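Colleague: Encoded as structure tokens, here's the structure I'll be asking about.
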Amino acid sequence: MNGEQLTAVYRNNNGEIISFQTSGGRIISYRKALVEAENGVIEGIHIDENEDGSMQLNPSDASSFDDFPSLY
């Protein structure tokens, strides 16, 4: 793998993921992570389409981001 990996998550008060930390140490928004995953910059995640047509990130080696450490 040559791209970065997502290593940690930051959730808002509702428990929704709003940003990630990458293996390169960058903090990026959920939307930026989605774009970078589509472009192959971030590896190790799948992009799925929800019933409402929105796109969602999911880790390829885990069932969810629940096992990822929290940033704050």
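Colleague: Taking the stretch 30-72 as the search range and keeping residues that are in contact with a Pro (Cβ under 9 Å, 6 or more places away or on another chain) and either closer than 20 Å to N14 by Cβ or in contact (Cβ under 8 Å) with a residue 60 or more places away in the chain (or both), which one is surrounded by the fewest Cβ atoms within 10 Å (Cβ to Cβ)?
Modeller: Of everything passing the filter in the stretch 30-72, D67 is surrounded by the fewest Cβ atoms within 10 Å (Cβ to Cβ).
Colleague: Give the stretch 46-65 a look and list any residue that's in contact with a strand residue (DSSP E or B) (Cβ under 9 Å, 6 or more places away or on another chain) and under 17 Å from R31 (Cβ atoms), or say none.
Modeller: H46, I47, D48, E49, N50, M55, Q56, L57, N58, F65
Colleague: In the stretch 19-65, what residues are of a type in the set (K, R) and either touching a Phe, Trp or Tyr at 6+ places or on another chain (Cβ under 6 Å) or outside any loop (DSSP other than H, G, I, E, B) (or both)?
Modeller: Matches in the stretch 19-65: R31, K32.
Colleague: Ok, one more. Taking the stretch 1-17 as the search range and keeping residues that are without any contact (Cβ under 8 Å) to a residue 40 or more places away in the chain and closer than 12 Å to F65 by Cα, which one is surrounded by the most Cβ atoms within 10 Å (Cβ to Cβ)?
Modeller: Taking the candidates together, the pick is E16.
Bear in mind these aren't lab numbers, they're just calculated from the coordinates by the rules spelled out. Small disclaimer: the values here were computed from a predicted structure and weren't measured. With ideal geometry, Cβ positions are generated from the backbone for all residues, glycine too; neighbour counts draw on all protein chains shown.
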